[in-house]
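The values are calculated or read from the model by the stated rules, or taken from the named source; none is laboratory data. Just so we're clear, the structure is a prediction, and the values are computed from it rather than from any experiment. Cβ sites come from the backbone with ideal geometry, for glycine too, and all protein chains shown count toward neighbours. Just the protein is used for accessible areas: all its heavy atoms, side chains included, with ligands, DNA and RNA removed. Shrake-Rupley method; radii C 1.70, N 1.55, O 1.52, S 1.80 Å.
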Amino acid sequence: MTIAVLTGIFILLLFLRVPIAFCIGISALAAMFVSLPLDPSAVTIAQRMGTSITSFTLLAIPFFILAGKFLATGGVARRLIDFAIVTVGFLPGGLAVTNVLANMLFGAVSGSAAAAASGIGGFMIPAMEKERYPKDFAAALTVTSATTGLLIPPSNVFIVYAMVAGGVSIGGLFVAGYLPGMLLGLSLMVIAVVMTLKNGYGARTPFPTLGQFTRSLIGVLPSLLMLILVMGGIVTGLFTATEASAIAVVYAFVLSVFYYREIKLKDIPKILVETASTTGMVFLLIGTSIAMAWIFAYANVPQLIDTFVRGISSNPIIILLLINLILLAVGTFMDMTPAVLIFTPIFLPIAEDLAPALGTTPELMKYQFGIIIVFNLCLGLCTPPVGTVLFIGCGIAKISITQIIKPMIPLFVAAVAALLLVTYVPWLSTWLPRDVFQMIK
Amino acid sequence: MNAIKRINERLEYALKLVLCVLLSVMTITVVWQVLSRLLARVSVTYGLPLLIEPSRWTEELASFQLGWLALLGAAYALRKHEHLGFDFIYLKMSLLAQRRIELLVRALVILFCLVVLVYGGTRLVMMTIALHQTTAGLQWPMAVIYAVIPISGLFMTSFALEGVFKPGESQLEEGRVEEAAL
């Protein structure tokens, strides 16, 4: 009953264009009102929101957003693209491969797929068009490869996951994301090259001279140094992920204001207010989603879904496939933050139970499952009806969603193949944090 | 209606100031946490008389600043029409229908703000006062932290009275959304 009320009202409000955070909040209130009086319902939701948004873990989110804004407006995107061109531009499918690599590099210094799509795509889509790549292909490639940044750390969505999963180190999760993110990027590169050669897209960029290479390396080095400072600090335990995010803000500020000099001091208040606004948007989603997850737990939804999934099959491979399919479906119409907060408590216990069947431990499964859920929802960002990154890509290229779908299909298939590898090969997620850096056990 | 407009313009200006200060101070707080710990470690290792102890209160202070930043930021985002909605179906309707629906959405947003944030938040604050709840480290009354819930609720109500989004305009056009997804 509670769940029927909740889903029904949620979908109705969604179609009426009620902002999503309020859709979640109002349907949570209505669902709670079914079994409780109004007074405790309102107080409980307010209290869930209050405690969730004051957690020290989440502090890293506004800091990474702020650092990302400094970098996005500070000319870093352009230098990353320059560097990607001299490193891989001369390969077959030159600018297509460059596009993917630039998105991965951007993801390694910032944590937002939307920022990558607009920062990298804004330059790469017109550049590819000039080199005789079709616009729809350029846009589809940008949209899919922008999501690699969410797997490659630093990534805000892992922080949100760490809060609900419990007992997971953010640093460990960050490092766990490297190989899956690179695998996704690599599979997109391969398909992009195949598509380019088969359809005869684009011209080949000449091999760079030593001078060109050195110049672009010097340009990009300060940006990559930030990556070493932030991730190095986390890996060596010099500071926590939250502290690293504040250090990233200071470094990005100094870099873009005093070194690259592309942001003036008088622009700072505007950037601060924009960051606060984005933070507020994300945190209202977090607060209301936590309230909704609480109601799901109160109505025993995790147990119901557990029974349902186990009723279909007892084969761990089938169960994991089913979880992936559900998460992919969820991702098509739900934004990442609420999806992670609501579905982690439901599926993580099932995944932990399956850990021995995959030859891993429940403890390690927490990390691997974090990668799996984020990977699934990343793909959801590229699909209609609700695909933020898709809309941004289409907006920049000025094409319709129908046009972008066709070139996206092969890229999407490659991404799903990478997702399946990540799902069934625990090593991909756990080797770096456990065996190489010994951050988790 | 004009009175609301004028009030909202002032509220927006005040919010901007508070948000700038909060975010800057929050950054300094956490940077100080790292520095104080590193300096303390250095001074112990090399026997330097720096007299610095790793800070204990910064973590708690920063989390409270976060609570205020988040909800006041959410109010500012509402003012700037930045809270994302699903407008695929909505934009296919006639402009008249869109205008009517926007009024309904305003009412729903205000309903949530008044019931959960203002009423529920105030009740929560009263409860923590009645129970004399204080924070673990700084020993501040919890009411100071939770007070942001009803306050942001009032801000949001006032902003929502003027509008939640512009009928006929897509939110996801180029440049409107920079950091929609995390």
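What is the residue count in the range B:123-139 for residues that are within 12 Å of chain A (Cβ to nearest Cβ) and open to solvent by 60 Å² or more (accessible area, probe 1.4 Å)?
Counting residues in the range B:123-139 that are within 12 Å of chain A (Cβ to nearest Cβ) and open to solvent by 60 Å² or more (accessible area, probe 1.4 Å) gives 5.
Scan the range A:286-303 and give yes if some residue there is more than 18 Å from A:Val168 (Cβ to Cβ), without any contact (Cβ under 8 Å) to a residue 24 or more places away in the chain and in contact with a Pro (Cβ under 9 Å, 6 or more places away or on another chain), otherwise no.
No: zero hits.
Pairs please, first residue from the range A:35-51 and more than 17 Å from B:Met126 (Cβ to Cβ), second anywhere and assigned to a helix (DSSP H, G or I), Cβ atoms under 7 Å, 6+ apart in sequence or on different chains.
Partner pairs satisfying both residue conditions: A:Ser35/A:Thr2; A:Arg48/A:Ile290; A:Arg48/A:Ala291; A:Arg48/A:Trp294.
Identify, from the list A:Phe391, A:Phe375, A:Phe369, A:Phe347, the residue that is open to solvent by 10 Å² or more (accessible area, probe 1.4 Å) and touching a helix residue (DSSP H, G or I) at 6+ places or on another chain (Cβ under 9 Å).
Selected residue: A:Phe391, the only one of A:Phe391, A:Phe375, A:Phe369, A:Phe347 that is open to solvent by 10 Å² or more (accessible area, probe 1.4 Å) and touching a helix residue (DSSP H, G or I) at 6+ places or on another chain (Cβ under 9 Å).
Would you check if there is a residue in the range B:59-66 being more than 7 Å from chain A (Cβ to nearest Cβ) and open to solvent by 30 Å² or more (accessible area, probe 1.4 Å)?
Yes, the range B:59-66 contains a residue that is more than 7 Å from chain A (Cβ to nearest Cβ) and open to solvent by 30 Å² or more (accessible area, probe 1.4 Å).
When you look at B:Ile101, is it on the phi < 0 side of the Ramachandran plot, facing chain A (nearest Cβ under 7 Å) and exposed (fewer than 14 other Cβ atoms within 10 Å of the Cβ), yes or no?
Here the answer is no, as B:Ile101 does not meet what is asked.
In this structure, is B:Leu84 farther than 18 Å from B:Phe155 by Cα, of a type outside the set (Phe, Trp, Tyr) and more than 8 Å from every other protein chain (Cβ to nearest Cβ)?
no
Quick check, is A:Pro384 more than 14 Å from chain B (Cβ to nearest Cβ) and either crowded, with 23+ Cβ neighbours inside 10 Å or more than 19 Å from A:Ala192 (Cα to Cα) (or both)?
No: the conditions fail for A:Pro384.
Here is a list: A:Ala96, A:Ala72, A:Ala102, A:Ala60. Which entry is more than 8 Å from chain B (Cβ to nearest Cβ), free of Cβ contacts under 8 Å to residues at least 60 places away in the same chain and more than 13 Å from the chain's Cα centre (by Cα)?
Going through A:Ala96, A:Ala72, A:Ala102, A:Ala60 in turn, the sole match is A:Ala102.
Looking for something open to solvent by less than 20 Å² (accessible area, probe 1.4 Å), of a type in the set (A, V, I, L, M) and not in a helix (DSSP H, G or I) - is there at least one such residue anywhere in the range A:38-46?
For the range A:38-46, residues open to solvent by less than 20 Å² (accessible area, probe 1.4 Å), of a type in the set (A, V, I, L, M) and not in a helix (DSSP H, G or I): absent.
Looking at the range B:5-21 only, could you name the residues that are at the interface with chain A (Cβ under 10 Å from one of its Cβ atoms) and open to solvent by 30 Å² or more (accessible area, probe 1.4 Å)?
B:Lys16, B:Leu17, B:Val18, B:Val21
Quick one: would you say A:Phe158 is within 14 Å of another protein chain (Cβ to nearest Cβ), free of Cβ contacts under 8 Å to residues at least 60 places away in the same chain and part of a helix (DSSP H, G or I)?
When the stated conditions are applied, A:Phe158 does not pass them.
Take the conditions at pLDDT below 95, within 30 Å of A:Ala140 (Cβ to Cβ) and among the polar types (S, T, N, Q) and apply them to A:Ser112. Does it pass?
yes
Looking at the range A:14-37, which of its residues are more than 7 Å from chain B (Cβ to nearest Cβ) and assigned to a helix (DSSP H, G or I)?
A:Cys23, A:Ile24, A:Ser27, A:Ala28, A:Ala30, A:Ala31, A:Met32, A:Phe33, A:Val34, A:Ser35 - these are the residues of the range A:14-37 that are more than 7 Å from chain B (Cβ to nearest Cβ) and assigned to a helix (DSSP H, G or I).
Going by what's in this entry, would A:Ser41 be described as modelled with pLDDT under 95 and within 28 Å of the chain's Cα centre (by Cα)?
Against the criterion (modelled with pLDDT under 95 and within 28 Å of the chain's Cα centre (by Cα)), A:Ser41 does not qualify.
For the range B:73-90, how many residues are hydrophobic (A, V, I, L, M, F, W, C), at pLDDT 85 or above and surrounded by fewer than 18 Cβ atoms within 10 Å (Cβ to Cβ)?
Total satisfying the criteria: 0.
Report every pair of residues separated by at least 6 positions or lying on different chains whose Cβ atoms are under 8 Å apart, first residue within the range A:230-257 and facing chain B (nearest Cβ under 8 Å) and without any contact (Cβ under 8 Å) to a residue 60 or more places away in the chain, second assigned to a helix (DSSP H, G or I) and open to solvent by less than 10 Å² (accessible area, probe 1.4 Å).
Close Cβ pairs (under 8 Å, with a partner that is assigned to a helix (DSSP H, G or I) and open to solvent by less than 10 Å² (accessible area, probe 1.4 Å)) amount to A:Phe239/A:Gly233; A:Phe239/B:Val34; A:Glu243/A:Gly233; A:Glu243/B:Val30; A:Glu243/B:Val34; A:Ile247/A:Val230; A:Ile247/A:Gly233; A:Ile247/B:Val34.
Give the residues of the range A:212-246 that are β-branched (Val, Ile, Thr) and in a helix (DSSP H, G or I), sorted by residue number.
A:Thr214, A:Ile218, A:Val220, A:Ile228, A:Val230, A:Ile234, A:Val235, A:Thr242
Just to be sure, is A:Ala276 at the interface with another protein chain (Cβ under 9 Å from one of its Cβ atoms), within 18 Å of B:Thr29 (Cα to Cα), touching a Ser or Thr at 6+ places or on another chain (Cβ under 7 Å) and crowded, with 19+ Cβ neighbours inside 10 Å?
no
Run down A:Ala252, A:Ala241 and say which single residue is under 21 Å from B:Glu59 (Cβ atoms) and open to solvent by less than 60 Å² (accessible area, probe 1.4 Å).
On inspection, the qualifying residue turns out to be A:Ala241.
Looking only at the range A:76-99, count how many residues are out of contact with any helix residue (DSSP H, G or I) (no Cβ under 7 Å at 6 or more places or on another chain) and part of a loop (DSSP other than H, G, I, E, B).
1
Among the residues of the range A:327-355 satisfying the criterion of being touching a Pro at 6+ places or on another chain (Cβ under 8 Å) and of a type outside the set (D, E, K, R), which is nearest to A:Lys441 (Cα to Cα)?
Checking each candidate, the answer is A:Ala355.
What pairs come up if the first residue lies in the range B:138-153 and is under 19 Å from B:Leu78 (Cα atoms), the second is of a type in the set (S, T, N, Q), and their beta carbons are under 6 Å apart, counting only those six or more places apart or on different chains?
Short answer, once both residue conditions are applied: B:Pro150/B:Thr122.
Look at A:Met334 and say whether it is under 17 Å from A:Ala28 (Cβ atoms), at pLDDT 90 or above and buried (at least 16 other Cβ atoms within 10 Å of the Cβ).
no
Working carefully through the options B:Ser43, B:Ser36, find the one that is open to solvent by less than 20 Å² (accessible area, probe 1.4 Å), at pLDDT 85 or above and more than 9 Å from chain A (Cβ to nearest Cβ).
Only one candidate qualifies: B:Ser36.
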